[in-house]
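Peer 1: The structure follows.
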Amino acid sequence: MELQSDITTLKGVGEKSAALFRKLHIENIGELLFAFPRDYETFGEPVPISNIKAGRVCAVKGLIVGMPVLKQVRNLKIVTVSIRDSSASMQLTFFNMAFLKNTLKSGQVYLFYGMVQEKANHSLVMEQPRIYKEEEYRSLMAFIQPRYPLTKGLSNQAVAKAVRQALSLCPLPEEMLPKELLAEESLMPFEKAICAIHFPENEEQLAAARRRLIFHEFFFFLLMVRESKSLLEKEKNHAPMMETAETVRFLEALPYRLTKAQLKVIEEIKADMTGENVMSRLVQGDVGSGKTIVAIWALLLCVTNGYQGAMMAPTEVLARQHYETISELTRRYHLPFRPVLLTGSQTAGVKKEIYEELSSGRANLVLGTHAVIQDKVSFKNLALVITDEQHRFGVRQREALKDKGNHPHVLVMSATPIPRTLAIILYGDLHISIIDELPAGRQPIKNCVVGPGYRQKAYAFIEKEIAAGRQVYCICPMVEEGELPGMENVGDYAEKLKAALPASVRVACLHGKMRSADKNRIMEEFAAGQIDVLVSTTVIEVGINVPNATVMMVENAERFGLAQLHQLRGRVGRGKHQSYCIFVNTNDAKEAGERLDILKQSNDGFYIAGEDLKLRGPGDLFGIRQSGDLQFKLADIYHDSAVLKQASDCVQKYAGKLPQLDKQGLWNGVDFTSI
């Protein structure tokens, strides 16, 4: 068995199971082994009911008191039952598990494991707990249990069983780091780290395995950045440009004045594009700082010098919004853009026509998604490539775009607030510009951090905003029920909202496991005002601009990094109406409240990123990963900033002693830039 072997080579994985694994983008053994657990569970001793605290996951051993009660609120079936032990009693609540009304018998004793929540009347309730017999629970207490990303029909037990089998049958890639480096940095061997990240013997071994694999990701990523930088330093400007009358008139014609920060970045871009060397620049700017108009100015400079430009966005919705924005500006200010939109969902006939327009030069600007870097796309004289939201594209995608022209200028736009010390390491092949001012007239978002007991008031506020014609985002950390105890999931939460809000309110779901066509359709419907409440995972962190959305409600907010919460908050406050962000903190720990208070006090992304860097210590293994930062599988640039700096130093020291990566970033056929 090899890493490239199909997942069906494992015993017990037939075509039906393989189809479920494919939904998680797992088709072969290598993809299975590198699909790391999203979290871990430790099963502690059961706690007396009188000692439990809100916001904690725990086990309680209780006697069923009375008969379970089943009630239905629209499509939501709710079972409630009381339990007691020698110290106190409490209530359990189950959603869409009507069968428990007949399964849970009065007088029987069970172990219940789940998140404890505090209700508005200060009573404690365990929602959607797992039910164990005592001997079953005791067997779990001996181990740290991995929890994998799942899809409906595929259990955590099935994934863990497949991983165990693969580890026992498939040889892992040989160690690629020098023994000297491993010894100096006290790093676990690669093969041992892969085994331990899945099935750690204890928390110390888990921390060591995680550190080794994060170092691995950072090291090989930075090695690619270093090689890219060395190539860039030799590149001359093959598309020299000069400032044109159209670029000056465009800025003068705008109905608002650009900020000093925007004008400074425009001057830096102009110096690059009119200079001797090819531009390779990152523009960092907080959400709403006006990066898009700067990018449009750069594209205008490009096309008025007779060249073609390309702008690539992470989603079809955002690419289409850029296309519509530029088309409108072209009409309003008589700009010389001849834009086309290129996305993966277009028909073959439409794509063929666009390819011809680009290769002939009839179109001088393309806005698109990953479709822009497909082999079939060619240009007449591409001179500027802009990627929007850099953290969705890696070094390799940048190289693929550059190969479409004769060493075109590269401009990268990012709203991810990364502290400068880390940005210099991560973007070593790019010069860095920062837009650190917000345009005048923007209303600051009003923030509040609340406990779960505030939910009913929040729902009433949401109802009021919808009645006023506004729209709402609700963010959940999980896609489906059962992935992690106590974490809200998109499917069940949408049903809860439908039950709590009037029937006229239109609620829809969005998450990363959906087909691209379905995701695009839902985002477009929300942008068009056809959906009132969008219940989503962090997939909406980038890629949608809805000025009419005024409320962002984030469940289990304490489980996210501050910088990611700030990114999510950036989905509202984009229009003329006052916007609000509600962070629901389900953990009563003092530290969780203090972290979230930083968001309540500030809307400055760079300040928040700096605080995130200070607060997310290396001992915090069990948070939800930053989903948006670059393209790492395991590493988090805030949580793991110390390892990032360590890897950077080692790249400087050992780069000359290592074999070179090939053009695809592969080493002996294995992609080590993303483990």
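The values are calculated or read from the model by the stated rules, or taken from the named source; none is laboratory data. Given the structure is predicted, the values throughout are model-derived calculations rather than measurements. Every residue, glycine as well, gets a Cβ built from its backbone with ideal geometry; the counts of neighbours run over all protein chains shown. Ligands, DNA and RNA are excluded from the accessible area calculation, which covers all protein heavy atoms including side chains. Shrake-Rupley method; radii C 1.70, N 1.55, O 1.52, S 1.80 Å.
Peer 1: With label points built 7 Å along Cα→Cβ from the Cα atoms of Arg22 and Asp588, find their separation and express it in nm.
Peer 2: So the label points at Arg22 and Asp588 sit 4.9 nm apart.
Peer 1: Next up: With each run of n ≥ 4 DSSP H residues scored as -39500 (n - 2.57), what mean residue ellipticity at 222 nm is computed for the chain after dividing by its residue count and rounding to the nearest 500 deg cm²/dmol?
Peer 2: -11000 deg cm²/dmol
Peer 1: Within the stretch 127-176, list the trypsin sites (Lys or Arg not before Pro) lying in a DSSP loop whose Cβ has at most 14 other Cβ atoms in a 10 Å radius.
Peer 2: Passing sites in the stretch 127-176 are Lys133, Lys152.
Peer 1: Compactness ratio of the stretch 440-538: Cα Rg over 2.2 N^0.38 Å, N = residue count?
Peer 2: 1.13
Peer 1: Name the residues of the stretch 232-272 whose amide N is less than 18 Å from a point 7 angstrom out from the Cα of Lys380 along the C-beta direction?
Peer 2: Within reach of a label on Lys380, which here means backbone N under 18 Å from a point 7 Å along Cα→Cβ, the stretch 232-272 contributes 239-240.
Peer 1: Just round it to a whole percent: the fraction of Cα-Cα distances in the stretch 166-288 exceeding 26 Å.
Peer 2: The share of Cα pairs beyond 26 Å in the stretch 166-288 comes to 53 percent.
Peer 1: For Val479, what residues show an amide H to amide H distance below 5 Å, using hydrogens built from the backbone and excluding near sequence neighbours?
Peer 2: Here Val490 satisfy the definition.
Peer 1: Right, another one. Rounded to the nearest percent, how much of the accessible area of the chain (1.4 Å probe, protein heavy atoms only) is carbon and sulfur?
Peer 2: Carbon-and-sulfur percentage of accessible area, whole number: 51.
Peer 1: May I pose another question? How many angstrom separate the Cα center of the stretch 156-231 from the Cα center of the stretch 502-559?
Peer 2: That distance is 35 Å.
Peer 1: Could you derive backbone 3J(HN,Hα) for the stretch 3-17 from the dihedral phi with the Karplus parameters 6.51, -1.76 and 1.60 (θ = phi - 60°), listing whole Hz in sequence and x where the residue is Gly or Pro?
Peer 2: 4, 7, 5, 5, 4, 6, 6, 7, 5, x, 9, x, 5, 5, 5
Peer 1: Solvent-accessible area per residue for the stretch 261-370 at a 1.4 Å probe radius, Å²?
Peer 2: I get 35 Å² per residue for this part.
Peer 1: If you don't mind, there's one more thing I want to ask. Taking the Cα centre of the chain as the origin, how large is its charge dipole in debye, to the nearest 20, when only Lys and Arg (+1) and Asp and Glu (-1) carry charge on their Cβ atoms?
Peer 2: Charge dipole, the chain, about its Cα centre: 1640 debye, nearest 20.
Peer 1: Please find the FRET efficiency linking Glu267 to Lys105, where r is the Cβ-Cβ separation and R0 is fixed at 56 Å, and quote it to the nearest 0.05.
Peer 2: 0.15
Peer 1: So what J values fall out for the stretch 55-69 if you push phi through Karplus, 6.51 cos²θ - 1.76 cosθ + 1.60 with θ = phi - 60°, rounded to Hz, Gly and Pro as x?
Peer 2: x, 10, 8, 8, 10, 10, 9, x, 9, 5, 10, x, 8, x, 10
Peer 1: Search the structure for amide H atoms under 5 Å from the amide H of Met553, placed 1.01 Å from N in the peptide plane, and list their residues when 5 or more places away or on another chain.
Peer 2: Here the answer is Tyr473, Cys474, Ile475, Ile582, since their amide H atoms fall under 5 Å of that of Met553.
Peer 1: Something else: Rounded to the nearest 10 degrees, what's the angle between the helix 490-500 long axis and the longest principal axis of the chain, both from Cα atoms, 0 to 90?
Peer 2: Orientation of helix 490-500: about 70 degrees from the principal axis.
Peer 1: Within the stretch 1-66, list the trypsin sites (Lys or Arg not before Pro) lying in a DSSP loop whose Cβ has at most 11 other Cβ atoms in a 10 Å radius.
Peer 2: Lys11
Peer 1: Let me ask something else. Could you tell me which GluC sites (Glu not before Pro) in the stretch 31-125 are loop residues by DSSP with no more than 15 other beta carbons within 10 angstrom of their beta carbon?
Peer 2: Sites meeting the loop and neighbour criteria: none at all.
Peer 1: Among Leu300, Met242, Ile425, whose Cα projects farthest towards the positive end of the dipole of the chain, with charges put on the beta-carbon of Lys, Arg (+1) and Asp, Glu (-1)?
Peer 2: Leu300
Peer 1: Given a Förster distance of 56 angstrom, what is the FRET efficiency for Glu324 paired with Leu169, based on the Cβ-Cβ distance and rounded to 0.05?
Peer 2: 0.60
Peer 1: Still on this model: Lys105: which lysines have alpha carbons under 21 Å from its alpha carbon, excluding same-chain residues fewer than 8 sequence positions away?
Peer 2: Lys61, Lys71, Lys77, Lys133
Peer 1: For the Cα atoms of the chain, what angle does the longest principal axis make with the long axis of helix 455-467, in degrees from 0 to 90, nearest 10?
Peer 2: It works out to around 40 degrees.
Peer 1: Can you list residues whose amide H is under 5 Å from Ser5's amide H, if they're 5+ apart or on another chain and H is modeled 1.01 Å from N?
Peer 2: Counting only residues 5 or more places away or on other chains, the set is Ile29, Gly30.
Peer 1: Multiplying the sequence separation of Ala528 and Arg74 by 0.36 nm and subtracting their Cα-Cα distance, what value in nm do you get?
Peer 2: Stretched out fully, the Ala528 to Arg74 stretch lengthens by 160.8 nm.
Peer 1: Calculate one ³J(HN,Hα) per residue across the stretch 25-37 by plugging θ = phi - 60° into the Karplus curve 6.51 cos²θ - 1.76 cosθ + 1.60, and present them in order as whole Hz with x for glycine and proline.
Peer 2: With coefficients 6.51, -1.76 and 1.60, one gets 6, 10, 10, 10, 5, x, 5, 5, 5, 9, 8, 6, x Hz.
Peer 1: Before I look further, what does the stretch 113-258 give for accessible area per residue, probe 1.4 Å, in whole square angstrom?
Peer 2: With the other protein chains kept in place, the stretch 113-258 gives 51 Å² per residue.
Peer 1: Let me ask something additional. Can you compute the modelled spin-label distance between Asn96 and Lys653, with each label point 7 Å from Cα toward Cβ, in nm?
Peer 2: Taking the simple label geometry, Asn96 and Lys653 are separated by 5.2 nm.
Peer 1: Length gain on complete extension for the stretch Ala468 to Thr42, per 0.36 nm per residue less the alpha carbon to alpha carbon distance?
Peer 2: So the chain would gain 148.8 nm between Ala468 and Thr42.
Peer 1: Note the full-extension length gain between Ile424 and Tyr256 as 0.36 nm times their separation in residues minus their Cα-Cα distance, in nm to one decimal.
Peer 2: Gain on extension, Ile424 to Tyr256, equals 57.3 nm.
Peer 1: Here is a follow-up. Using only Cα atoms and rounding to the nearest 10 degrees, what angle (0 to 90) does helix 590-601 make with the longest principal axis of the chain?
Peer 2: 40 degrees
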